[in-house]
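Reading through the structure tokens given below for one structure.
The values are calculated or read from the model by the stated rules, or taken from the named source; none is laboratory data. Here the structure is a predicted model, which is why all the values come from computation and not from measurement. All Cβ positions, glycine included, derive from the backbone under ideal geometry; neighbour counts span all protein chains shown.
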Amino acid sequence: MSKRPDVYLELALRALERVPRFLAGRSLEAYLADDLCQSAVERQLEVAGDALGQVRKLDLDLFARVPEGALLSRFATCWDDAATNKVDELIRTIHVLLRELPEDPAA
């Protein structure tokens, strides 16, 4: 298991970037009727949440810059623009955090 927060930020980012693709053009009704899509979205949110949990353990100051509610545990029950905007906001934030981290992990 890595001790580098950038590895976990990348993992969370890759998982979160899949969510909008999985949801593209779907209504709540279509999402709820598609077990495969639900499972895929939920799994990616779990991966992102687990990765961000590791960031929290490794670097509390870095994790403090992640938007509140970032673990998205209620996504399936609060389907709306706010939920999808939260994913987008988190993606943007992780991009910023990754750009600001030193290139050399030992630095």
query: Taking the condition modelled with pLDDT of 85 or more and not in a helix (DSSP H, G or I), does Arg43 pass?
result: no
message: Name the single residue that is modelled with the highest pLDDT among those in region 63-74 being buried (at least 17 other Cβ atoms within 10 Å of the Cβ) and touching a Ser or Thr at 6+ places or on another chain (Cβ under 9 Å).
response: Val66
statement: Taking first residues from region 1-28 that are under 17 Å from Leu98 (Cβ atoms) and second residues anywhere that are of a type outside the set (D, E, K, R) and not in a helix (DSSP H, G or I), the pairs with Cβ under 8 Å that are 6 or more apart or on different chains are Arg4/Pro105; Pro5/Leu101; Asp6/Leu101; Asp6/Pro105; Tyr8/Ser2; Leu9/Leu101
task: Just name the residue that is nearest to the chain's Cα centre (by Cα) out of those in region 30-62 that are polar (S, T, N, Q) and buried (at least 16 other Cβ atoms within 10 Å of the Cβ).
output: Gln44
- prompt: Of everything in region 20-29 that's of a type in the set (A, V, I, L, M) and in a helix (DSSP H, G or I), which residue is surrounded by the fewest Cβ atoms within 10 Å (Cβ to Cβ)?
  reply: Leu28
- prompt: When you scan region 75-107, how many residues do you find that are in a loop (DSSP other than H, G, I, E, B) and either closer than 20 Å to Asp6 by Cα or modelled with pLDDT of 60 or more (or both)?
  reply: 7
query: All but one of (1) outside any loop (DSSP other than H, G, I, E, B); (2) within 21 Å of Glu103 (Cα to Cα); (3) within 17 Å of the chain's Cα centre (by Cα) hold for Arg65; which doesn't?
result: (1)
